[in-house]
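This report refers to the structure that appears directly beneath it.
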Amino acid sequence: MNRFCLQLFFTGLVTALYVLAPDLGSADVAPVPKTIVPKRMEDVTPRNVVFILSDDHRYDAMSFMGHPLAKTPHMDAMAKNGVHLKNAFVTTSLCSPSRASILTGLYTFRHRVIDNQRAVPDGTVFFPQYLQKAGYQTGFIGKWHMGSANDDPRPGFDYWFSFKGQGQYYPPGPNYTINENGKRVPQDGYITTVLTDKAVNFIKNNADADQPFFLYLSHKAVHGPFTPEPKYKSSLAELPFTLPSSSALLSDNLRNRPRWLLDQRNSWHGMDFPLHTGSPVEAFYKSYCEALRSVDDSIGAVMQQLKDLGIHDETLVIYMGDNGYMFGEHGLIDKRVAYETSSRVPMLMQCPEILPAGTVVDEVVANIDIAPTVMQAMGLEKPSYMDGQSFLPLALGQDVPWRDYFLYVYYWEQNYPQTPTHFSLRGDQYKYTTYYGLWDTDELFDIKADPMEQNNLIYDPQYADVKQQMQTRLYDMMDDLGGMEIPLNPPRGRQQNKRLRKRGGVKSADFPEAMIVDEPLRKELK
């Protein structure tokens, strides 16, 4: 089918889709079905799809973005030859919740995978189950992570190659094994290369099948401890490095920043005591970008295999990170929080047969949109219960209704107690975040004027109406989407709750200046 015909098809499809769902931010909660019944779209030839996911890859760590350390020629090529979705976000910036949203098309409070410690609830439906039921070949290769007790094959995949929990960059011993279709096999080398080889073989073995294939290649990299391949180790050591301006230590709290944020600077997730080490942020960052080079090589190997088989132009390839990562922004490292460098991720898409080269999508897309997008590309209707929407029409340049606001949630973990439960609403100009269950300040940022999120406007009387509107909209969306109850898990995992004495670890931060008064507010009790 040529590009013109496809665009005509998508124009009609988009009209049908958005007549049914005109308001993406306010939908009735549809129950997840107990049976898998794929519905085919008429007059659509399904195509192969390769989805590549990396771990902890922040949105700007690609060389075409002007990053000072990242070297990513194959990601650059995807942006040049395909589509860069420049405003891609995750609903929760944490490995397992984000991956569950990718696989289910649901917000975190709906799929209930709220941390990295628990398995997926029984009865959870993954979108590859629809693909498999439709007769397509499906493969999962790499990090699953949602429940570390076992690496048994999960529903929806004909081919399975995975490991327990975070996995290992190198096998820790001679008896270490990975699960391949239910059998124990050794990990033969550096994990990024091992997974890439399996992905290339899967494509080769399924390219000539009667039905299209779906490959989910899920890298361990670049999750810590950041471990580059030997050929890349120390390759960035001599490059200059500058900490972000937002890493500056505040000696007071005149900017009305949350106390928990200022205290977190000296913690497992803070730049003054990173992962409870004495290592500088620079060392972490450079090792991270060195490990990222192998992920970029993996993309190149997959693309080359598609070319060798003559199916490159017709195959849709999507690349994204599962969450962002901070290296000094706001005085922090790691993710979890709603700040841009934590919740924003890289996302690239390529399919020369239908997608114009060099396209940039400005609209906010999310991990909940992956399932509907893949299903549409493979000629299947999106189930009505999913929270996300296909972004293929956006990549085709169609003028379609899209979300005005994006919802973010994070639930407190006892083993990482320094980050509170919070709910955040991001619009085109403003972001409002409320922190739940602690005596502290909420935050409101003008992300157009203040993209580094440094000037909290929550107490500025000029923004009182904006604050109220954002707060109301946030709770309305939570209510509409079924998120007004906080899911709880019993504690599990070690508590990383230590502080370093010599870096101000004994005392907590000052209250925000706006919360301090000099005189009593009431003269007498009545």
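The values are calculated or read from the model by the stated rules, or taken from the named source; none is laboratory data. Please read all numbers here as calculations on a predicted model, not as lab measurements. All Cβ positions, glycine included, derive from the backbone under ideal geometry; neighbour counts span all protein chains shown. In case anyone asks, the SASA skips ligands and DNA or RNA and just uses the protein heavy atoms, side chains included. Shrake-Rupley method; radii C 1.70, N 1.55, O 1.52, S 1.80 Å.
Quick notes on this one:
- The solvent-accessible area of Val517, taken with every protein chain present and a 1.4 Å probe, is close to 90 Å².
- Calculated FRET efficiency, Leu500 to Gln166, Cβ-Cβ distance, R0 = 25 Å: about 0.50 to the nearest 0.05.
- Computed [θ] at 222 nm, helices only, for the chain once each DSSP H run of length n ≥ 4 contributes -39500 (n - 2.57): -7500 deg cm²/dmol
- Charge sum, other residues only, whose C-beta stays under 14 Å from Trp160's C-beta, Lys/Arg counted +1 and Asp/Glu -1: +2
- Residue-by-residue Karplus 3J(HN,Hα) for region 479-496, coefficients 6.51, -1.76, 1.60, Hz, glycine and proline x: 5, 4, 9, x, x, 8, 10, 8, x, 10, 10, x, x, 7, x, 6, 8, 8
- Furthest towards positive pole of dipole, Phe213, Pro240, Ile191, structure part region 104-259, Cβ charges: Pro240
- Built amide H within the under 5 Å cut-off of Ser93, gap 5+: Arg336
- Couplings 3J(HN,Hα) of region 356-364, computed from phi: x, 5, x, 6, 10, 9, 8, 5, 6 Hz, in residue order, whole Hz [Karplus 6.51 cos²θ - 1.76 cosθ + 1.60, θ = phi - 60°; x for Gly and Pro].
- Computed FRET value (nearest 0.05) for Glu314 with Ala119, which takes r as the C-beta separation and R₀ as 60 Å: 0.95
- Close amide-amide hydrogen proximity is noted between Leu380 and Met41, each under 5 Å apart and 5 or more residues distant or on a separate chain (H modeled in the peptide plane; Pro and chain starts excluded).
- Partners for Lys183 among lysines (Cα-Cα distance below 21 Å; same-chain residues under 8 apart left out): Lys143, Lys164, Lys198, Lys220
- By a 1.4 Å probe calculation restricted to protein chains, Asp188 has an accessible surface near 140 Å², given to the nearest 10.
- Label sites at Asn489 and Gln454, each approximated as a point 7 angstrom past Cα along Cα to Cβ, lie 3.6 nm apart.
- If you sort Glu413, Glu314 by accessible surface, 1.4 Å probe, largest first, the order is Glu314, Glu413.
- Per residue value of the accessible surface for the chain (all protein chains in place, 1.4 Å probe), Å²: 42 Å²
- Between amide H atoms placed 1.01 Å from N, distances below 5 Å from Trp160 occur with Phe140, Asn181, all of them 5 or more places distant or on a separate chain.
- Inter-probe distance in nm under a simple model that places probes 7 Å from Cα toward Cβ, at Gln398 and Ala149: 4.3 nm
- Largest accessible area first, the residues Glu363, Glu42 order themselves as Glu42, Glu363 under a 1.4 Å probe with ligands, DNA and RNA left out.
- Here the chain has 50 percent of its accessible surface on carbon and sulfur atoms, given a 1.4 Å probe and all protein chains in place.
- Working note: Karplus 6.51/-1.76/1.60 with θ = phi - 60° gives region 133-149 the couplings 5, 7, x, 7, 7, 10, x, 10, 9, x, 7, 9, 6, 6, x, 9, 5 Hz, where Gly and Pro are set to x.
- In terms of the mean number of neighbouring beta-carbon atoms within 10 Å, the peptides 424-433, 440-449 order highest first as 424-433, 440-449.
- Relative contact order (%) - region 318-401, alpha-carbon pairs under 8 angstrom, separation at least six: 23 percent
- Over the chain, relative contact order from alpha-carbon pairs under 8 Å, at least 6 apart, %: 24 percent
- The DSSP beta bridges internal to the chain are antiparallel in roughly 55% of cases.
- Residue order by solvent-accessible surface for Arg184, Arg58 is Arg184, Arg58, largest first, with ligands and nucleic acids left out and a 1.4 Å probe.
- Sorting the segments 451-460, 75-84, 248-257 by their mean number of nearby beta carbons within 10 angstrom, highest to lowest, gives 75-84, 451-460, 248-257.
- Stretching Phe511 away from Leu525 to a fully extended chain increases their span by 2.5 nm, per 0.36 nm per residue minus the current alpha-carbon distance.
- Rounded accessible area of Thr196 (nearest 10 Å², 1.4 Å probe): 10 Å²
- Here the relative contact order of region 388-526, from alpha carbon pairs under 8 Å that lie six or more residues apart, stands at 18 percent.
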